[in-house]
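Note sheet for the following structure.
The values are calculated or read from the model by the stated rules, or taken from the named source; none is laboratory data. Being a predicted model, the structure only gives us computed values, none of them experimental. Here the Cβ positions follow ideal geometry from the backbone for every residue, glycine too, while neighbour counts run over all protein chains shown. Side chains are part of the model used for accessible areas, which takes the heavy atoms of the whole protein and leaves out ligands, DNA and RNA. Shrake-Rupley method; radii C 1.70, N 1.55, O 1.52, S 1.80 Å.
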Amino acid sequence: MIFWQQKKDDAPKEILNWRLWYGVLVFGLMGAARGIDEGLIGTSAEQDSFIELFGLEDGSEKDQADRLSNITSMVQMGSILGAIIAFYLTDKIGRLWATRQLCMLWIGGIVIFLCSATNGSLGMLYAGRFIAGVGIGQTTVVAPTYLAETAPRWIRGLCVCAFSGSVYLGIMLAYFASWGSSIHISDSTQLQWVIPNMLHIYFAFIILTLSFFAIESPRWLVKVGKHERATANLAKLRNLAPEHWYVQSELLDINDQLDREREATLGAGWIGPIKELLTLPSNRYRLMLSVMSQILGQWSGANSITIYAPKYFEMMGTTGQNEKLFATAIFGVVKFVSSIICALFLIDLVGRKRSLISGISLQLFAMLYMAIFLVIDTGVADENSVQTSSEKSAATGAIVMIYVSGFGWAMGWNSIQYLINSEIYPLRLRAIGGSFAMTFHFVNQYGNSKAVPEMFLAMTHGGTMFFFSIVTLLGLCWVWFFLPELSGKSLESIDHIFEMPWYLIGRKGKDLTEGMGGAIETYGGVNKEKMEVVEDVREVGDREAGRA
């Protein structure tokens, strides 16, 4: 298969086995948590039964925009809290138990949210979505951390992108569920939006059940001192004997990095890792990558299109509820397919940086087209206006650009914003670094979902799209200069890139650190004593294989 081509010749073929793919399935599916919510809440708000029950057309335009943004953004509010506490829970109780408790929160919150259909209580709706958000927010820390820690380095991008791809699996299913319910369920009953939102419960229950058959992260087990279990789990994940040279060399890498981190620690307890994040130059650069990737990604406009997709299609001339929801459903298919293409053919083979630059370039082109179109054709959304043939062609082009922007986002920012934060931090700081990044992610997403409805009122549609275009252009420049290429490097060897001068990390980081790294990546002698141990283990394994 195409994504196996990066595997080094000396790596045993057994490392790509069903246990690895099972873990990718379980933790990758958690991406659907965000996707289902983003796909359902915007389309649910287009259903007549939902609009009438919660008064989305009552009051002034500003009152309507405020109420809609409050409903859509409440999960982001809960997700901020979820991302904050995720680093503590992930490191305290492990990746598997963190998964189980977040699934319970997710289910409980959605049950409360759906119960609001009985009385139209906005308070119950807000509370349910907030609690569900606490669980959903944790998925963005727990899942990428586990996937990055258990994946062989040659396919780490693929494995982590299973999470970002599942975001669009959730979006696609959510869009089609809402479209189907709008056709087959009467708008006189609340079941029109309640049944599609049951997708939340289905996915949470599936992930919860599957987690009991998954294998805990060996890197976390090493971190908490459970070395025997770590060895056994790593051997199972790699489908090799515990004494195999590959398993032993990987364990040596993990222990070596952890020892170096402990020597460099700036204090015990929770304050130590925070000091390390803020005071060490290499970690400040990592934080900069986390913060800027979230700011530039979230304010590039693609996320607002996902949440408010029916509104965008209406802006570009698509009229009728069923037509808007159908166009939105196809938009979900485009994003899902593009995320799969990125995971299989781009992120590990082409590289993170080139894939991201290509995606941002497509997104920038699409945003500029839509911005110019909305400035020129101000009456496109008016059902009573008569358009010329050229205006109709331009409107069709604008609708196509929505799909192009979705393709660019899926192969660009959406893949990188999870992958980069799961692989740039050392083991001691991986959970807290990912938690910080995802907290910032949901703060920006909350601000975005709150601001966009009012931005359309205050700035006009074309002005808002020009704003998104400028942010996308800034993101393209930032990626070229600051973002390092990390494809094909082990988690332990990535540290060497961030030890370089800051102005070289983004442009020359990978090239100047080739040949540096851990026991598996090189036998060239960064740590001579450790290399000798690995070679001894390997020789013993070869002799035993010869006897067999």
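The mean sequence distance of close C-alpha pairs (under 8 Å, at least 6 residues apart), as a share of the length of segment 186-262, puts its relative contact order at 18 percent. Taking every protein chain into account, the accessible area of segment 13-263 amounts to 34 square angstrom per residue (probe 1.4 Å).
On the principal axes of its alpha-carbon atoms, segment 178-292 has extents of 65, 41, 23 Å, going from largest to smallest. Using only side-chain charges placed at the Cβ, +1 for Lys and Arg and -1 for Asp and Glu, the dipole size of segment 13-263 relative to its Cα centre rounds to 1020 debye. The protection proxy used here, the mean number of other Cβ atoms lying within 10 Å of each residue, ranks peptides 298-305, 334-341 as follows, highest first: 298-305, 334-341.
Peptides 251-260, 77-86 ranked from most to least packed give 77-86, 251-260, packing being the mean of other C-beta atoms within 10 angstrom over each peptide's residues. The number of Lys pairs in segment 13-263 with C-alpha atoms less than 20 Å apart, excluding pairs fewer than 8 positions apart on the same chain, is 5.
Does segment 415-508 come out rounded, prolate or oblate, given a ≥ b ≥ c as the square roots of the eigenvalues of its C-alpha gyration tensor, rounded meaning a/c under 1.5 and, failing that, prolate meaning a/b above b/c? Cα axes put segment 415-508 in the oblate bin. Sorted on the mean count of surrounding Cβ atoms within 10 Å across their residues, most packed first, peptides 10-23, 465-478 read 465-478, 10-23.
Using a probe radius of 1.4 angstrom, the carbon and sulfur fraction of the accessible surface of segment 1-111 is 60%.
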